[in-house]
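Remarks on the structure that follows.
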Amino acid sequence: MPAKDKLLKPPFRSARGAVITALLRNEQLSRSELSETTGVSPAAITEVTQTFLQRGLLVELPSQAAGRRGRPTVQLRLQASHAYFAGISFGESDMPLVITDLRGKVLERHNLAAYGTPAELAKTTVKAFKEVLRTARIPRSKVQGVGIAVSGIVNAAEGLCRYSAALNWKNVPIAQVMARALHIPAWIDNDANAVAVGEKFFGRARDLEHFSSIVLERTIGSAHYINGMLYRGHDGSAGEIGHITIDPKGVLCRCGRNGCLDTIAGGHALRDAAKAAGLTIANMRELEELALHGNPTATRLLRVAGNALGVAVASLVQLNNPQRVLFTDMEGFGNGVFRTATRQAIENNILARFLGSTQIIFNNAEPALLPRSAASIAAFEYLDSI
């Protein structure tokens, strides 16, 4: 597990780190392009890349630009098969485990069986881990770590799940439990932070130094990168957007206060509100379909929820000034009333100077998003140690 101070230092700031960062952002680069991109001297680039080639971290790809004469330009690329990582998402229901390569590609997935205690979960995970390695034909020796995403409050520095209502956990040292069970290094973070790490190293934020990630699921999660670093706050609890008070006289939240964002815009709250209003829906897609066909109740619920979320995010934009706000839709809203209301509320509640400089992007979550994001935590730690 990472030392506490490691979580606070800027990642990938050495010459070696600069090369890794550049090749994560770009599919492939020549040595001269690496030098130009990173600001590292050509001599240092030659030394670093030679070391990485010897270790099998990089691969050379000779290429000749069309119409050019002379020696081919040798391109360098991260060798995806150099290392593999396990990623696990521990949530309320579905608990997938995946194996990814060094570039974040999911090679195999397995859903964990039901469990009781963390110790029983570890046994179930060991069985699933062996199965995915066998199916993907990956040697255990090439798996460099496991990342764990948990729905709840996490102390990442200590590998501790401080509290998870979904799992009924309190002060569970789950990273240590998994490391001992799987015999590989293990790291843990909450699911919102894991998604942000995945976006930074393998997703839509590879070229960004400042961005906010908003996760739409049963509750609302958020995480923020500032100056290229995941911002954790004083004790690792930054990002609790779901507990921003929207309506002080509103519904009682599980945190003990009234009118939190989660109670208005979270998927769980919206399903409860729809049920109380007499609407029979299984998911947000069905609620959006009702709104599309003119149901006034569905339209009202989605507009109120989207407006609440947009107002909260507008405050974040003005506080953090991100280059991009990335929404990850795990509830299946699609491009309907909810997204429209959210975007409008953001645009109506931020200063004019932020309108042109802040990209607002929505994306539907891929099926393996959370475990893949968890694996990216392990990949980051491995690359940062090189």
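Applying the criterion of being in contact with a Lys or Arg (Cβ under 7 Å, 6 or more places away or on another chain), outside any strand (DSSP E or B) and open to solvent by less than 20 Å² (accessible area, probe 1.4 Å) to the residues of region 201-245, the residue that is nearest to Ser373 (Cα to Cα) is Ala205.
Of the listed requirements (1) surrounded by 19 or more Cβ atoms within 10 Å (Cβ to Cβ); (2) under 27 Å from Arg300 (Cα atoms), Ile361 misses just one: (1).
Restricting to region 163-176, what's the tally of residues that are assigned to a helix (DSSP H, G or I) and surrounded by 20 or more Cβ atoms within 10 Å (Cβ to Cβ)?
In the first step, residues of region 163-176 are kept if they are assigned to a helix (DSSP H, G or I); the result is 174-176.
Then keep just the ones that are surrounded by 20 or more Cβ atoms within 10 Å (Cβ to Cβ); that gives 174-175.
Number satisfying all stated conditions: 2.
Listed by first and then second residue, the pairs linking a residue in region 314-332 that is touching a residue at least 60 places away in the same chain (Cβ under 8 Å) to a residue that is open to solvent by 10 Å² or more (accessible area, probe 1.4 Å) and small (Gly, Ala, Ser), with Cβ atoms under 7 Å apart and 6 or more places separating them unless they lie on different chains, are Thr328/Ala365; Asp329/Ala365; Met330/Ala365. Thr342 meets the conditions (1) modelled with pLDDT of 95 or more; (2) open to solvent by 20 Å² or more (accessible area, probe 1.4 Å); (3) of a type in the set (Ser, Thr, Tyr) in every case but one. The failed one is (2).
Listed residues Leu53, Leu34; which is outside any strand (DSSP E or B) and crowded, with 16+ Cβ neighbours inside 10 Å?
Values: Leu53 fails: crowded, with 16+ Cβ neighbours inside 10 Å.
Within the list Leu53, Leu34, the selection yields Leu34.
Scan region 126-145 and tell me whether some residue there is touching an Asp or Glu at 6+ places or on another chain (Cβ under 8 Å), without any contact (Cβ under 8 Å) to a residue 60 or more places away in the chain, polar (S, T, N, Q) and open to solvent by 10 Å² or more (accessible area, probe 1.4 Å). Yes, that holds for at least one residue. Would you be able to say whether some residue in region 319-332 is open to solvent by 10 Å² or more (accessible area, probe 1.4 Å) and farther than 16 Å from Ser222 by Cβ? Taking every residue of region 319-332 in turn, at least one turns out to be open to solvent by 10 Å² or more (accessible area, probe 1.4 Å) and farther than 16 Å from Ser222 by Cβ.
The values are calculated or read from the model by the stated rules, or taken from the named source; none is laboratory data. Predicted model, so just to flag it, every value in this text is computed and none were measured. Positions of Cβ are generated from backbone atoms using ideal geometry, with glycine treated the same way; all protein chains shown enter the neighbour counts. We work out accessible area using only protein heavy atoms, side chains counted, and drop any ligands, DNA or RNA first. Shrake-Rupley method; radii C 1.70, N 1.55, O 1.52, S 1.80 Å.
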